[in-house]
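**Student:** This is the structure I have questions about; it appears just below.
The values are calculated or read from the model by the stated rules, or taken from the named source; none is laboratory data. Computed from a prediction, not measured in an experiment: that's the story for all the values here. All Cβ positions, even for glycine, are placed from backbone atoms using ideal geometry, and neighbour counts span all protein chains on display. When the accessible area is computed, the model is the full protein with side chains, heavy atoms only, and any ligands, DNA or RNA have been set aside. Shrake-Rupley method; radii C 1.70, N 1.55, O 1.52, S 1.80 Å.
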Amino acid sequence: MSKSHEDVEWWLIRHGVTAWNLQRKYQGHSDEKILPGEAGGLTPLQSQLAGISFAGVYCSDLERCRQTLRFIRPDWTGQAVYDPRLREMNFGAWEGKTYEMLEHDPLYRAWIDDPKLHTPPEGESWELFHNRVADFQRELVQISRELASGNGNPAILLIVTHGGVISTLNMLMNPHVGFWDSKVLPGEIMKLKLRSNELEW
């Protein structure tokens, strides 16, 4: 690969704080809104991203992620790709409930112990969740390969999504990382660097 080729960075952002985050309720596909103003916890991120040039922006189609993007980079709201593959896992009947509400449910206890083998009632299996995020990841890797054929500064892709999706993307890109190893709070950012030689077949 020639020296003109560049690295690509994925900036993975978890949406701002919602009331359900504070109440420690499972949100999943429930379309909760972020808290207004400073309570949403996005002001530091807004300052950090000001003036940054992105090669593309991707966002979960759920409202808490849309609102986050509108707050941190309103100039990108009309150009962003809103992708349902970036939604959090669907927790089905457990959405809106806390650990304390569910801790005596045998299926919930089994799911906590091994979410790959058990599925929330009316919810999404681990396989379905993993496969849709992996489908998005493969597509984004291909886009990153095309960006790496340019030159100049690293190309940056901004992805506004949910905690479970960020953990899965990090795991897919870093085989030594487990799902529970990623700790990204609402309004925080994780940066993954894809070096040009890693994007070359």
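**Student:** How high is the FRET efficiency from LYS191 to SER125, r the C-beta distance, R0 30 Å, rounded to 0.05?
**Tutor:** Details: r = 30 Å, r/R0 = 1.00.
The calculated FRET efficiency here is 0.50.
**Student:** Cα axis of helix 63-72 to longest principal axis of the chain: angle in degrees, 0 to 90, nearest 10?
**Tutor:** That helix lies at roughly 40 degrees to the long axis.
**Student:** I want the local charge near LEU42. Using Cβ-Cβ distances under 12 Å, sum +1 for each Lys or Arg and -1 for each Asp or Glu among the other residues. If you can, show how the numbers build up before the last one.
**Tutor:** On the way: positive: ARG14, ARG64, ARG70, ARG73; negative: GLU38, GLU188.
For residues surrounding LEU42, the net value is +2.
**Student:** Over region 1-78, what portion of Cα pair distances is larger than 14 Å, expressed as a whole percent?
**Tutor:** So the portion of pairs separated by more than 14 Å is 65 percent.
**Student:** For region 99-136, state which GluC sites (Glu not before Pro) are in a DSSP loop and have at most 12 other beta carbons lying within 10 Å of their beta carbon. Walk me through the intermediate numbers first.
**Tutor:** Numbers: sites: GLU100, GLU103, GLU122, GLU124, GLU127; in loops: GLU103, GLU122, GLU124.
Those satisfying the criteria are GLU103, GLU122.
**Student:** Using the Cα atoms of region 1-134, I'd like the radius of gyration and the largest Cα-Cα distance, Dmax, both in angstrom.
**Tutor:** 17.6, 59
**Student:** In whole angstrom, note down how far apart the Cα centers of region 19-37 and region 89-128 are.
**Tutor:** Spelled out, the Cα-based centre of one part sits 18 Å from the other.
**Student:** Grab the Cα-Cα distance for PHE179 and LEU107, subtract it from 0.36 nm times how many residues apart they are, and report the gain in nm with one decimal.
**Tutor:** Values: separation 72, 0.36 × 72 = 25.92 nm, distance 2.06 nm.
Answer, rounded to one decimal: 23.9 nm.
**Student:** Run the dipole for region 1-105 about the Cα centre, Lys and Arg Cβ at +1, Asp and Glu Cβ at -1, nothing else charged, and hand back the magnitude in debye, nearest 20.
**Tutor:** Values: 12 positive and 15 negative charges, 37 e Å.
With Lys and Arg at +1 and Asp and Glu at -1, about 180 debye.
**Student:** Full extension from ASP114 to ARG24: what is 0.36 nm times the residue separation minus their Cα-Cα distance, to one decimal in nm?
**Tutor:** On the way: separation 90, 0.36 × 90 = 32.40 nm, distance 2.03 nm.
Gain in length upon complete extension: 30.4 nm.
**Student:** Just the Cα atoms of region 51-201: what Rg and Dmax do they give in Å?
**Tutor:** Here Rg and the maximum Cα pair distance are 17.1, 56 Å.
**Student:** Treating the beta-carbon of each Lys and Arg as +1 and of each Asp and Glu as -1, no other charges, what is the dipole magnitude of the chain about its Cα centre, to the nearest 20 debye? Kindly include the intermediate steps, with their values, before the conclusion.
**Tutor:** Numbers: 21 positive and 27 negative charges, 86 e Å.
The calculated dipole for the chain is roughly 420 debye.
**Student:** Would you mind checking the tilt of helix 126-147 against the longest principal axis of the Cα atoms of the chain, expressed as 0 to 90 degrees and rounded to 10?
**Tutor:** Roughly 10 degrees, rounded to the nearest 10.
**Student:** Considering only ASN90, ASN174, ASN21, give the residue with the highest GNM mean-square fluctuation for the chain, with springs between Cα atoms whenever their separation is below 10 Å.
**Tutor:** ASN174
**Student:** Setting aside same-chain residues fewer than 8 positions from LYS191, which lysines have a Cα under 27 Å from its Cα?
**Tutor:** Qualifying lysines at Cα under 27 Å: LYS3, LYS25, LYS33, LYS116, LYS183.
**Student:** Ok, one more. Suppose each label sits 7 Å from its Cα in the direction of the beta carbon; what would the ASP61-ARG145 distance come out to in nanometres?
**Tutor:** Label at ASP61, label at ARG145, 2.7 nm between them.
**Student:** By how many nm would the segment from ALA93 to ASP135 grow when fully extended, if each residue of separation counts as 0.36 nm and the alpha-carbon distance is taken off?
**Tutor:** Working: separation 42, 0.36 × 42 = 15.12 nm, distance 2.56 nm.
Working it through step by step, the gained length comes to 12.6 nm.
**Student:** Springs between alpha-carbon atoms under 10 Å, Gaussian network over the chain: tell me which of LEU172, LEU62, LEU49 tops the mean-square fluctuations.
**Tutor:** LEU49
**Student:** Still on this model: Give me the 1.4 Å probe accessible area per residue for the chain, excluding ligands and nucleic acids, in Å².
**Tutor:** Values: 10130 Å² over 201 residues.
Value returned for the chain: 50 Å² of accessible area per residue.
**Student:** To the nearest 10 degrees, how steep is helix 163-173 against the longest Cα principal axis of the chain, on a 0 to 90 scale?
**Tutor:** 50
**Student:** Counting DSSP beta bridges with both partners in the chain, what percentage is antiparallel, nearest 5? Walk me through the numbers before you get to the answer.
**Tutor:** On the way: 7 of 20 bridges.
Within the chain, antiparallel bridges account for around 35 percent of the total.
**Student:** Can you show me the helix-derived [θ] at 222 nm for the chain, built from DSSP H runs with n ≥ 4 at -39,500 (n - 2.57) apiece and divided by the number of residues, rounded to the nearest 500. Intermediate results must be reported in sequence, preceding the final value.
**Tutor:** Values: 7 runs with 66 residues, N = 201.
Taking each H run of at least 4 residues, the total per residue is -9500 deg cm²/dmol.
**Student:** Find the relative contact order for the chain and round it to a whole percent, using C-alpha pairs within less than 8 Å whose residues are 6+ positions apart. Before the final figure, lay out each step's value.
**Tutor:** Values: 364 pairs, mean separation 78.5, N = 201.
In percent, rounded to a whole number, it is 39.
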